[in-house]
1. Kindly indicate whether any position in region 119-134 is of a type outside the set (Gly, Ala, Ser), surrounded by fewer than 17 Cβ atoms within 10 Å (Cβ to Cβ) and under 24 Å from Phe39 (Cα atoms).
2. Out of Val107, Val85, I need the residue that is without any contact (Cβ under 8 Å) to a residue 12 or more places away in the chain and either assigned by TED's automatic domain parsing to the domain that holds Leu31 or in a helix (DSSP H, G or I) (or both). Which one?
3. Across region 13-40, what is the total count of residues that are among the hydrophobic types (A, V, I, L, M, F, W, C), over 16 Å from the mean Cα position of the chain (by Cα) and surrounded by 14 or more Cβ atoms within 10 Å (Cβ to Cβ)?
4. Of Ala51, Ala86, Ala76, which residue is modelled with pLDDT under 85 and either in contact with a Phe, Trp or Tyr (Cβ under 9 Å, 6 or more places away or on another chain) or surrounded by 14 or more Cβ atoms within 10 Å (Cβ to Cβ) (or both)?
5. Could you check region 2-31 and list, in sequence order, the residues that are over 13 Å from Ile45 (Cβ atoms) and outside any helix (DSSP H, G or I)?
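The values are calculated or read from the model by the stated rules, or taken from the named source; none is laboratory data. As the structure is a prediction and not an experimental result, all values here were calculated from the model. Cβ: placed from backbone, ideal geometry, glycine included. Neighbour counts: every protein chain shown.
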Amino acid sequence: MNNIDCISGLFLLVLGIGVFLVSLTYPIGTLRTPGGGLFPLLASILLMALAGVITIQAFMKKQGGITKPFFSGKEALKRVLIGLVALLGFRYFLPFIGFGFSTFLFVLFLTKYLGHYNWKVSLLFSALTAVAAYYLFQVWLKVPMPTPFLRF
């Protein structure tokens, strides 16, 4: 059993339970009119689920089930730095080309160059993610986004 993964999983599970309980003290609202507690509630449920996955995987490693690391030791720092540069690029392109197109480019870069997917899968996933993010944030939640300097 990988002790670090077990400790991390259990810590995140406890953190998720704490956020879940605190989020119940805020108004949750509905999906059409979300309250202040809806996002922390959903985020805590996701956190608890992922913490459960980490903990289960840690126990499976003990039994020889999962052995491949997420990042290999040699390329871990390089991949993290490339991801950070892509995130900074997303942040600085956002005011110039808009939310939808910068999201498309960001996800395309991550799927193609960090995920090593082929162009067809990368383009399809990027387009679907950009459309879903646009409708989630700008149409459904009505989050104001910066007006792009360059209009496409």
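1. Yes, some residue in region 119-134 is of a type outside the set (Gly, Ala, Ser), surrounded by fewer than 17 Cβ atoms within 10 Å (Cβ to Cβ) and under 24 Å from Phe39 (Cα atoms).
2. Residue meeting the stated conditions: Val85.
3. Of the residues in region 13-40, 7 are among the hydrophobic types (A, V, I, L, M, F, W, C), over 16 Å from the mean Cα position of the chain (by Cα) and surrounded by 14 or more Cβ atoms within 10 Å (Cβ to Cβ).
4. Among Ala51, Ala86, Ala76, only Ala76 is modelled with pLDDT under 85 and either in contact with a Phe, Trp or Tyr (Cβ under 9 Å, 6 or more places away or on another chain) or surrounded by 14 or more Cβ atoms within 10 Å (Cβ to Cβ) (or both).
5. Of everything in region 2-31, those that are over 13 Å from Ile45 (Cβ atoms) and outside any helix (DSSP H, G or I) turn out to be Asn2, Thr25, Tyr26, Pro27, Gly29, Thr30, Leu31.
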